[in-house]
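Before any comments, here is the structure.
The values are calculated or read from the model by the stated rules, or taken from the named source; none is laboratory data. Only a predicted model underlies this, so the values are computations on that prediction, with no experimental measurement involved. Note: ideal-geometry Cβ built from the backbone for every residue, glycine included; neighbour counts use all protein chains shown. Surface areas here come from the heavy atoms of the whole protein model, side chains and all, with no ligands, DNA or RNA. Shrake-Rupley method; radii C 1.70, N 1.55, O 1.52, S 1.80 Å.
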Amino acid sequence: MTAVSIRWFGGPGQPPGICEIPLETFTAAVHLLRLNGARRIGIVGTSKGAEAALLTAVHDPRVDVVIAMSPTSWVWCNVGPGRDGARHPYRSSWTWREQPLPFVPLDDSWTSAGPDGGPVAIRGWYELSERTFADLLPPAEIPVADARADLLLVAGGDDAMWPSLPFAERLAQRRRSAGAAVRLITRHDAGHRPRFPGESPAPASPRFQYGGTPEADAHLGTVAWPQILDALRSRD
């Protein structure tokens with residue numbers, strides 16, 4: 001098995017934030033794996049990485065399987081600045097063939113209900129933005145039914161970053177409606193960061209609440225792990 005881990009923002013010559021990242025960044029990695037003899041290409045991503053993984057599979061039929069953990073069902077706006085250093089107005093997180101993908105912006109009227117100065121749960125920001133910009137949701141839909149790849153989704157119901165379980169259920173419904181295969185692994189009390197066997201608990205963040213508990217996050221990762229290995233295994 002050959003694996004490639006790439007830095008796709010924040011590096012030399014790259015945007016400092018997740019802003020108009022070319023999906024060709026990921027299809028180039030797919031091409032590299034193919035050149036090195038890989039017969040089954042899988043992409044594993046969490047959160048915004050899952051968003052990238054799903055979109056890469058939609059645009060590149062060479063991808064055989066996507067493992068999307070704590071995913072979204074929509075293309076969202078930038079997180080942080082682009083190459084120009086600007087955060088606003090909002091722009092797409094992604095481009096394809098130099099064209100920004102349709103996206104959902106964030107509603108900046110949202111305010112946190114948590115205590116000032118402590119880690120913030122921003123799930124409500126995304127839920128509010130879905131309601132505010134409902135007319136922008138259809139063009140920003142990630143069309144997973146168009147992807148040739150197998151799809152495995154992992155999501156926790158207590159995700160405090162964004163509503164990854166409803167997002168994952170929506171992705172699964174799109175696949176099933178098109179007669180395409182999908183596996184969905186969930187746990188109601190897990191958060192944004194499932195932990196696989198052998199991983200230590202995720203460290204606390206001074207900025208964000210991620211939801212879940214160390215036990216629930218580890219349980220979700222433990223249940224998902226054998227299915228992830230099976231999904232990545234060569235079918236030859």
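Select from region 66-89 the residues that are within 13 Å of the chain's Cα centre (by Cα) and among the small types (Gly, Ala, Ser) and list them in ascending order. Result: 68, 70, 73. Candidates 7, 87: the one that is over 26 Å from residue 221 (Cα atoms) and basic (Lys, Arg) is 87. Taking the listed residues 132, 46, 111, the one that is within 23 Å of residue 15 (Cβ to Cβ) and among the polar types (S, T, N, Q) is 46, with no other qualifying. A count restricted to region 21-37 and to residues that are open to solvent by 30 Å² or more (accessible area, probe 1.4 Å) and within 24 Å of residue 81 (Cα to Cα) stands at 4.
Looking across region 124-142, the residues that are open to solvent by less than 40 Å² (accessible area, probe 1.4 Å), in contact (Cβ under 8 Å) with a residue 24 or more places away in the chain and either closer than 30 Å to residue 229 by Cα or over 17 Å from the mean Cα position of the chain (by Cα) (or both) come down to 129, 142.
Return yes when residue 113 is surrounded by fewer than 19 Cβ atoms within 10 Å (Cβ to Cβ), of a type outside the set (Phe, Trp, Tyr) and over 18 Å from the mean Cα position of the chain (by Cα) and no when it is not. So residue 113 fits the description; yes. Screening region 38-69 for residues that are surrounded by fewer than 19 Cβ atoms within 10 Å (Cβ to Cβ) and small (Gly, Ala, Ser) and picking the one that is farthest from residue 211 (Cα to Cα) gives 38.
If you go through region 143-184 and keep only what is in contact (Cβ under 8 Å) with a residue 60 or more places away in the chain, part of a loop (DSSP other than H, G, I, E, B), out of contact with any Pro (no Cβ under 7 Å at 6 or more places or on another chain) and open to solvent by 10 Å² or more (accessible area, probe 1.4 Å), you end up with 143, 147, 161. If the condition is being more than 14 Å from the chain's Cα centre (by Cα) and either open to solvent by less than 60 Å² (accessible area, probe 1.4 Å) or without any contact (Cβ under 8 Å) to a residue 24 or more places away in the chain (or both), then region 10-19 contributes 10, 11, 12, 13, 14, 15, 17, 19.
Among the residues of region 114-128, just one is part of a loop (DSSP other than H, G, I, E, B) and β-branched (Val, Ile, Thr), namely 122. The set of residues from region 185-212 being within 24 Å of residue 124 (Cα to Cα), over 17 Å from the mean Cα position of the chain (by Cα), free of Cβ contacts under 8 Å to residues at least 40 places away in the same chain and not in a strand (DSSP E or B) comprises 188, 189, 202, 203. Test residue 121 against the criterion of being under 16 Å from the mean Cα position of the chain (by Cα) and open to solvent by less than 50 Å² (accessible area, probe 1.4 Å), and give yes or no. When the stated conditions are applied, residue 121 does not pass them.
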